[in-house]
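Read through the structure below, which is laid out as C-alpha cells, and then see the notes.
The values are calculated or read from the model by the stated rules, or taken from the named source; none is laboratory data. Being a predicted model, the structure only gives us computed values, none of them experimental. Here the Cβ is made from the backbone with ideal geometry for all residues, glycine too, and neighbour counts use every protein chain on show. SASA here: full protein model, heavy atoms, side chains in, ligands and nucleic acids out. Shrake-Rupley method; radii C 1.70, N 1.55, O 1.52, S 1.80 Å.
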Amino acid sequence: MQRAVLISKHIYREAVDYLAGRVQLDYHDSDDGLPSADLLARLADKDGLICQLTDRIDAALMDAVPNVRVVSNVAVGFDNIDIPAATERGVIVTNTPGVLTDTTADLAFALILGAGRRLGESERYLRAGRFRQWRIDLLTGWDIWGSTLGVLGMGRIGQAVARRGRGFNMRVLYYDPLRQSEDLERELGIEYVSKDELLAQADFLSLHCALTAETHHLIGADELSAMKSTSVLVNTSRGPVVDEAALADALESGVIAAAGLDVFEHEPEVHPKLLRLENALIVPHIASASIATRTRMCVMAAENVVAGLAGHRPPNIVNPEVLD
Ligand code: GLV
C-alpha cells in the first residue's frame, strides 16, 4: 500500500510530479499555511509531511499524530521543528542542505554590497525625484574591496561567503566554535579569531550560524557596541540570532553604520524602526530564492520523504540517531 504524505503549502511543480505515483498525496496548494488545528486534522491519516519554515512542528503535534514517521522540511534550517522531541518519538526529520549554499551566499554578498554602498537608500532618493545634481559627497558609503569581512559561523554558507569576500580582495576573519582545518583555512585564505576579535575588527560582519538556544540573541547591544562605528552587519541566517530592537537602536544612534537583513526576529513582522531607517537594507527572507534553487529544494524534500517512508536512510537526515 502506498504511503500517504501531506504537503503543507505550495511547492514547485517538479516536486509534486516526483511524488505523484510514489505516494498518496494530500496537497494543500496554497501560499497560506494550515492553521495548526487543520494541520493536525489533515495529518491524522498520513505517514509523512513536507513542511516549510513557517510550520511549527512541536512535541504536542507529534504526539497527536504518532502515525507521521517522516517530517521533511523544505529548508536547510530546521529551528521550526523540535528535533529532540522528534528523535524521542522515532520521527525522521530531513532538510535541504547544499543546494542553496551558493544562492544564499550570493544574497549575503548582495546585502554586503548593497548596505555598504547604500543602494536601497540611493534608489529611494532617485525615485523620489531628489537627484537634482551630482555632488562630491552624495550617498557616499564604505568600500567593500580591501576591507575586513568577518564571518560568524564557518559552515557551508559561511565558506561560500568567504570565497566571495576573497574575490573582492577582502581580509577574511572567522569565528565558529568549531575551528576549520588548517588546509581549509589556507585554501580559503581565512583567519580564525575569537568572537571578540571578530566583532572588533570586521568592517562587514556576516552571520551564518543555525538558530539554537546558544545562538539566540548572539548579537545584542553589547556585541553591537563592540563593533566599529563604520561597520555593517549582515544577517541571512535566522532573525532571532540578532536582538532586533537592539540593532534598530544601534542603527539609529550610529553605534554601527548600516545593516543588510534578510531575516527578522518575528517574521513576517519587522521592527517598525527598521522600516523607517535609511541605513537598514531589508529584504523578505529571500536568500535562497532563485527559481532553480527553490525548485531543487522542493525536489530534495520530496526525495527525502519518499526515501524515509520506504525504510531507506534519507539522503539529508537531520537526526540520524533515530535510525540506531
Ligand atoms: C531558509 O531560510 C532555509 O533555511 O532554507
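Numerical summary
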read-out	value
Tabulated pairs, the stretch 170-192, first on the phi > 0 side of the Ramachandran plot, second outside any strand (DSSP E or B) and open to solvent by 70 Å² or more (accessible area, probe 1.4 Å), C-beta under 8 angstrom, 6+ apart or interchain	189/166
Scan of the stretch 280-291 for residues that are touching a helix residue (DSSP H, G or I) at 6+ places or on another chain (Cβ under 8 Å) and surrounded by fewer than 20 Cβ atoms within 10 Å (Cβ to Cβ), ordered by number	282, 283, 286, 289, 290
Some residue of the stretch 71-81 being more than 15 Å from the ligand (Cβ to nearest atom), modelled with pLDDT of 95 or more and not assigned by TED's automatic domain parsing to the domain that holds residue 265	no
Residue that is within 12 Å of the ligand (Cβ to nearest atom), surrounded by fewer than 24 Cβ atoms within 10 Å (Cβ to Cβ) and small (Gly, Ala, Ser), where the choices are 98, 90	98
The stretch 17-41 - residue that is in contact (Cβ under 8 Å) with a residue 40 or more places away in the chain and in a helix (DSSP H, G or I) and, of those, most open to solvent (accessible area, probe 1.4 Å)	18
Some residue of the stretch 224-236 being open to solvent by 10 Å² or more (accessible area, probe 1.4 Å), assigned by TED's automatic domain parsing to the domain that holds residue 178 and hydrophobic (A, V, I, L, M, F, W, C)	yes
Residue 68 at pLDDT 95 or above, more than 16 Å from the ligand (Cβ to nearest atom), assigned by TED's automatic domain parsing to the domain that holds residue 307 and crowded, with 20+ Cβ neighbours inside 10 Å	yes
Residue that is within 26 Å of the chain's Cα centre (by Cα), closer than 15 Å to residue 301 by Cα and in the same structural domain as residue 313 (by TED's automatic domain parsing), where the choices are 23, 16, 91	16
Single residue of 59, 44 found to be without any contact (Cβ under 8 Å) to a residue 24 or more places away in the chain and either buried (at least 17 other Cβ atoms within 10 Å of the Cβ) or hydrophobic (A, V, I, L, M, F, W, C) (or both)	44
Hey, residue 187 over 21 Å from residue 164 (Cβ atoms), out of contact with any helix residue (DSSP H, G or I) (no Cβ under 9 Å at 6 or more places or on another chain), in a helix (DSSP H, G or I) and not hydrophobic (A, V, I, L, M, F, W, C) or not	no
